[in-house]
Amino acid sequence: MSQKLLLSAKEVNIILHRLACQLIENHTHFKDTVLIGVQPRGIFLADRMKNILEQEYKVSDIRLGYLDITFYRDDFRRGEKPLEANTTAIDFVVEDKRVVFIDDVLYTGRSIRSALTAIQSFGRPSSIELLTLIDRRFSRHLPIQPNYRGRQVDAINMEKVKVHWTENEGEDAVYLIAD
């Protein structure tokens, strides 16, 4: 198995700040906007975006939630081992809000399709956008595209893109892994 560094910690930081600025351009004061980290790995990026917006750009009162999509997935009950659910933590209603889904890697689009279904339990948003750190654009199974993307990666065949976060793996980095 080989591993190639796609993004260093410095590059990840630059991209996160660019994404934060793009969010500010489109949502200004975030009064009617909520950020939703898609479980499991989108929560690390969602936390980072909230912290950057609040600490670096002084945006206040950002509402952030975590959405578990386990039981909304189309591959639920298809694997040999049971899926483990995460915790949904959304303590606000999304009715008439502008929702920004946040996930680390956009691959087939199936996770986002599941998130679109799951979010309806919390109300009917006025709009939904997608922010992703990595967009694997040639791997889509569904017609889903990000509104905000950190980097496009053209991974082929069995290559995987793995995002490491300091909070979880001890470093900020993105790797391309080939078996």
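The values are calculated or read from the model by the stated rules, or taken from the named source; none is laboratory data. All figures in this text were calculated on a predicted structure; none of them were measured in a lab. In this analysis, Cβ positions are derived from the backbone assuming ideal geometry, glycine residues included, and neighbour counts consider all displayed protein chains. Note: areas computed on protein heavy atoms with side chains; ligands, DNA, RNA excluded. Shrake-Rupley method; radii C 1.70, N 1.55, O 1.52, S 1.80 Å.
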Between the modelled labels at residue 138 and residue 57 (7 Å from Cα along Cα→Cβ) the distance in nm is 3.2
A convex hull over the alpha carbons of the stretch 1-148 yields, per residue, a volume in Å³ of 127
Candidate span helices, the chain: DSSP H, at least 18 Å along axis from Cα coords, Kyte-Doolittle average at least -1.0, result 9-27
The answer for trypsin sites (Lys or Arg not before Pro) in the stretch 1-110 that fall in a DSSP coil and have at most 15 neighbouring Cβ atoms within 10 Å is 31, 58, 77, 78
Among 125, 143, 40, the residue with the largest mean-square fluctuation in a Gaussian network model of the chain built from Cα contacts under 10 Å is 143
Once residue 71 and residue 25 are pulled to full extension, the length gained, defined as 0.36 nm per residue separation minus their Cα-Cα distance, is 13.1 nm
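What FRET efficiency do you get for residue 158 and residue 17 if R0 is 25 Å and r is their Cβ-Cβ distance, rounded to the nearest 0.05?
0.15
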Expressed as a percent, the accessible surface of the stretch 6-151 that is carbon or sulfur, using a 1.4 Å probe and the full set of protein chains, is 47
The chain: longest segment with zero exposed chymotrypsin sites (Phe, Trp or Tyr not before Pro), where exposed means DSSP loop plus at most 15 other C-beta atoms within 10 Å, is residues 93-179
per DSSP, antiparallel bridges as share of beta bridges in the chain, % nearest 5, sits at 35
About its Cα centre, the chain carries a charge dipole, from +1 on Lys and Arg Cβ atoms and -1 on Asp and Glu Cβ atoms, whose size in debye to the nearest 20 is 440
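Within the chain, what's the longest stretch lacking GluC sites (Glu not before Pro) that sit in DSSP loops with no more than 12 other Cβ atoms inside 10 Å?
Working: sites that count: 80, 84, 95, 171.
With GluC sites (Glu not before Pro) excluded where exposed in loops, the chain gives 1-79 as its longest stretch.
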